[in-house]
Amino acid sequence: MCYNVGLELARQQMSTTTIRLEDDLKSRVAAAAEREGKTAHAFILDAIAQTVEQAELDEAFHRVAEERWTQVLNTGKTVAWDDAKAYLKARARGERARRPAARKLRP
């Protein structure tokens, strides 16, 4: 009984969207879903969720990059790649490393 109530609530919170797939893609989705042990529906939902998540991560990455680039342009300071790379490698090895200093860009 509780299962039916939960299922009904889930149905009320979901909308229906129709997508049109070329026959070849539909066959590929069905085959991939079968290999994954999923229904085509579940496979498509997972694919959509992964794509949305990646798009959101990409947007966040670009937002941070733009903020940092603006800071570089405003201050004229940045860290040389060789210094940053050496610092990151040392940290990855578990070593305590001094953070590289930001320096003015050379024209």
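Each reported figure results from applying straightforward, stated rules to the coordinates on display, with no laboratory input. Only a predicted model underlies this, so the values are computations on that prediction, with no experimental measurement involved. We place every Cβ from the backbone using ideal geometry, glycine too, and count neighbours over all the protein chains shown.
In table form, for the structure just shown:
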{"read-out": "Rounded, prolate or oblate (a/c below 1.5 giving rounded, otherwise prolate when a/b exceeds b/c) for segment 21-60 by Cα gyration tensor", "value": "prolate"}
{"read-out": "Degrees separating the helix 40-75 axis from the principal Cα axis of the chain, which is the longest one", "value": "20 degrees"}
{"read-out": "All aspartates and glutamates inside 13 Å of Lys38 as judged from Cα atoms, apart from same-chain residues fewer than 8 positions distant", "value": "Asp46"}
{"read-out": "Lysines whose Cα lies under 16 Å from that of Lys77, excluding same-chain neighbours fewer than 8 positions away", "value": "Lys104"}
{"read-out": "Helix-derived mean residue ellipticity, 222 nm - over the chain, DSSP H n ≥ 4, -39500 (n - 2.57), to 500", "value": "-23000 deg cm²/dmol"}
{"read-out": "GNM result for the chain, Cα springs below 10 Å: residue of Ala65, Ala32, Ala86 fluctuating most strongly", "value": "Ala86"}
{"read-out": "Cα-based helix-to-principal-axis angle, 81-92 vs the chain, degrees rounded to 10", "value": "60 degrees"}
{"read-out": "Dipole in debye (nearest 20) - the chain, about Cα centre, beta carbon charges: Lys, Arg +1; Asp, Glu -1", "value": "1140 debye"}
{"read-out": "5 angstrom amide H check on Val79, placed H, neighbours 5+ away", "value": "Arg103"}
{"read-out": "Most positive-pole-ward Cα, Gln50, Ala32, Leu21, against dipole of segment 21-60 from beta carbon charges", "value": "Ala32"}
{"read-out": "Prolate/oblate/rounded label for the chain (Cα gyration tensor, a/c 1.5)", "value": "prolate"}
{"read-out": "With Cα atoms, 0 to 90° folded angle of helix 23-36 axis to the chain main axis", "value": "80 degrees"}
{"read-out": "Neighbour cut-off at most 11 other Cβ (10 Å), DSSP loop, trypsin sites (Lys or Arg not before Pro), segment 65-100", "value": "Arg93, Arg96, Arg98"}
{"read-out": "Student exercise, segment 21-60 dipole from Lys, Arg, Asp, Glu Cβ charges, in Debye to nearest 20", "value": "280 debye"}
{"read-out": "Within segment 9-107, GluC sites (Glu not before Pro) in DSSP loop having at most 13 other beta-carbon neighbours inside 10 Å", "value": "Glu22, Glu95"}
